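The values are calculated or read from the model by the stated rules, or taken from the named source; none is laboratory data. Computed from a predicted model, the values in this text were never measured in an experiment. Reconstructed Cβ throughout: ideal geometry from the backbone, glycine too, with neighbour counts over all protein chains shown.
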Amino acid sequence: MPQPSVNECSLLPHNHYWITSKRIVTPKGIISGAVEINGGNIVSVVGEEDWRRNPSSGQVRDYGEAVIMPGLIDVHAHLDDPGRTEWEGFPSGTRAAAAGGLTTLIDMPLNSFPSTVSEETFKLKLEAAEGRIYVDVGFWGGLVPENAFNASALEGLLRAGVLGLKSFMCPSGINDFPMTNASHIKEGLSILSKYRRPLLVHAEIKQELEGYLTLEDSTESARSYSTYVKTRPASWEEAAIRELLTVTKDTRTGGPAEGAHLHIVHLSDARCSLDLIKEAKSRGDSVTVETCPHYLAFSAEEIQDGDTRFKCAPPIRDAANREKLWEALTDGHIDMLSSDHSPTVPELKLFGTGDFLRAWGGISSLQFVLPVTWSYGHKYGLTLEQLVSWWSEKPAKLAGLNLKGAIAIGYYADIVVWEPEVEFDLNDNHPIYLKHPSISAYLGSRLSGKVLATFVRGNLVYEEGKHAPAACGVPILAR
Ligand SMILES: [Zn+2]
């Protein structure tokens with residue numbers, strides 16, 4: 001018999017096999033049984049009885065009590081490739097994703113260089129991804145003033161395959177990614193409606209601050225997180241969302257931008273801003289909203305002076321706000337979660353001075369979002385079905401990924417196998433595949449939920465601390 005040829009894309013030598021477990025999260029509930037995978041797709045899902053009556057004689061991997069669920073889809077990751085690979089890059093970012101049970105990432109159009117704002121710059125992005133991604137990666141394009149009123153440029157970018165667009169209502173922190181106003185956004189939505197793709201918006205608008213807090217403040221107060229929070233109050237989010245909702249009415253059925261969709265990224269303010277979003281949804285605007293694990297895990301009160309690992313925008317707010325975010329998530333008013341993984345080099349975090357006003361804003365989290373969500377969600381009664389809804393099903397829908405986000409026949413075999421009950425300390429002994437482990441805000445936490453194995457399109461890309469040798473993730477292009 002000839003030896004099976006070693007498939008570099010997978011830690012398994014075969015592409016037709018079964019995985020079994022007592023806890024498989026399917027759209028029809030959690031079942032005990034087996035999932036059959038062939039050629040990268042899920043070809044059958046059977047319950048325990050059927051499996052016992054008619055077990056397969058082929059390759060079977062029994063995962064016992066571990067949970068089998070759809071791989072996580074992160075619609076908001078900054079991989080900084082090309083151009084700022086010293087910050088992260090496709091190889092380390094996607095290896096970290098695989099180790100964390102994420103099977104698809106949608107890469108943001110900024111923090112790489114150049115920003116992805118045209119067909120030409122998107123081509124550079126695709127070239128950079130080629131042969132260097134360990135999980136599937138899709139891409140958002142940028143909506144910026146330069147292309148907003150240039151329909152042919154914007155359509156060129158959309159036709160090249162970006163899954164949708166992203167824009168900022170405040171300075172992005174990146175020079176070649178300037179901010180947009182409501183008229184740019186209105187224009188963008190009208191073009192997106194033809195393609196039925198979403199616009200993602202960073203919703204903060206700079207407001208006049210009350211009498212204090214400029215960059216000239218003493219370094220003493222700049223070390224305090226509360227100083228930073230005061231420089232970006234919830235009123236910035238509220239003002240942006242109020243303005244956005246003057247254009248989202250176009251997305252209603254029969255409206256001029258019907259078919260377009262507006263998605264508000266990383267909501268932090270669970271008070272007025274959230275009320276406005278609820279209002280827009282109830283009147284039929286096509287709007288969704290995400291929040292991120294760091295807003296659900298941390299509160300402003302707990303952040304130590306000078307610990308700039310926790311700096312992000314919008315900022316992490318008070319503990320009472322965090323409670324409201326959890327409430328909104330479990331009530332379905334917040335639709336989904338994303339990492340907003342936004343790393344940089346440790347030097348730009350300014351750990352020496354701990355200056356919150358000058359340090360790079362962005363939280364590094366990608367590899368840990370599953371155990372973080374699970375661990376911090378425990379006290380809110382988080383279920384496995386909710387996890388799948390927030391991290392797989394709804395993100396797949398937003399990004400237009402029809403065959404991802406569920407364990408169901410015909411879907412890609414994008415799967416995470418994990419043990420929710422197993423605890424671990426996230427310290428220097430833990431294998432972290434991100435480029436700069438030291439900048440992660442989660443370092444030092446005790447978490448629950450260990451990833452055993454990750455499959456992408458049927459390839460076992462990660463198992464027990466080992467990655468498949470080759471980077472066989474697929475760049476996802478919209479058609
Ligand atoms: Zn971001």
| request: Filter the range 62-95 for residues that are surrounded by fewer than 17 Cβ atoms within 10 Å (Cβ to Cβ) and part of a strand (DSSP E or B) and give the result. | output: Asp62
| Matching residues, the range 334-349, being away from the ligand (no atom under 16 Å from the Cβ), in contact with a Leu (Cβ under 9 Å, 6 or more places away or on another chain) and farther than 17 Å from Pro314 by Cβ | Asp335
| remark: In the set Pro437, Pro431, the lone residue that is surrounded by fewer than 23 Cβ atoms within 10 Å (Cβ to Cβ) and within 19 Å of the chain's Cα centre (by Cα) is Pro437
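Anything in the range 136-183 that is aliphatic (A, V, I, L, M) and assigned to a strand (DSSP E or B)? List them, or say none. Don't jump to the end; show me each part of the working.
Of the residues in the range 136-183, the ones aliphatic (A, V, I, L, M) are 137, 143-144, 148, 151, 153-154, 157-158, 160, 162-163, 165, 169, 174, 179, 182.
Matches in the range 136-183: Val137, Leu165.
May I ask you to list the residues in the range 106-135 that are assigned to a loop (DSSP other than H, G, I, E, B), within 16 Å of the ligand (Cβ to nearest atom) and aliphatic (A, V, I, L, M)?
Residues of the range 106-135 assigned to a loop (DSSP other than H, G, I, E, B): 108-118, 130-135.
Checking which are within 16 Å of the ligand (Cβ to nearest atom) leaves us with 108-113, 115-117.
Those that are assigned to a loop (DSSP other than H, G, I, E, B), within 16 Å of the ligand (Cβ to nearest atom) and aliphatic (A, V, I, L, M): Met108, Leu110, Val117.
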| query | Could you say whether any residue in the range 390-400 is over 30 Å from Leu192 (Cβ atoms) and in contact (Cβ under 8 Å) with a residue 24 or more places away in the chain? | reply | no
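Taking the residues in the range 207-233 that are among the hydroxyl-bearing types (Ser, Thr, Tyr) and exposed (fewer than 14 other Cβ atoms within 10 Å of the Cβ) as candidates, determine which candidate is modelled with the lowest pLDDT. Before you say what the answer is, go through the steps one by one.
Kept after step one, since they are among the hydroxyl-bearing types (Ser, Thr, Tyr), are these residues of the range 207-233: 212, 214, 218-219, 221, 224-228, 231.
Keeping just the survivors that are exposed (fewer than 14 other Cβ atoms within 10 Å of the Cβ) gives 212, 214, 218-219.
Details: Tyr212: 53, Thr214: 56, Ser218: 56, Thr219: 56.
Once the filter is applied, the top-ranked residue is Tyr212.
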| Matching option when the condition is within 16 Å of the ligand (Cβ to nearest atom), farther than 16 Å from Ala234 by Cα and in contact with a strand residue (DSSP E or B) (Cβ under 7 Å, 6 or more places away or on another chain), among His266, His261, His294 | His294
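When you look at Lys166, is it closer than 17 Å to His261 by Cα and either in contact with a Cys (Cβ under 7 Å, 6 or more places away or on another chain) or of a type in the set (Lys, Arg) (or both), yes or no?
On the way: closer than 17 Å to His261 by Cα: yes; either in contact with a Cys (Cβ under 7 Å, 6 or more places away or on another chain) or of a type in the set (Lys, Arg) (or both): yes.
For Lys166, the condition - closer than 17 Å to His261 by Cα and either in contact with a Cys (Cβ under 7 Å, 6 or more places away or on another chain) or of a type in the set (Lys, Arg) (or both) - is met.
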| For the range 229-237, does any single residue satisfy the condition of being within 16 Å of the ligand (Cβ to nearest atom) and out of contact with any Ser or Thr (no Cβ under 8 Å at 6 or more places or on another chain)? | yes
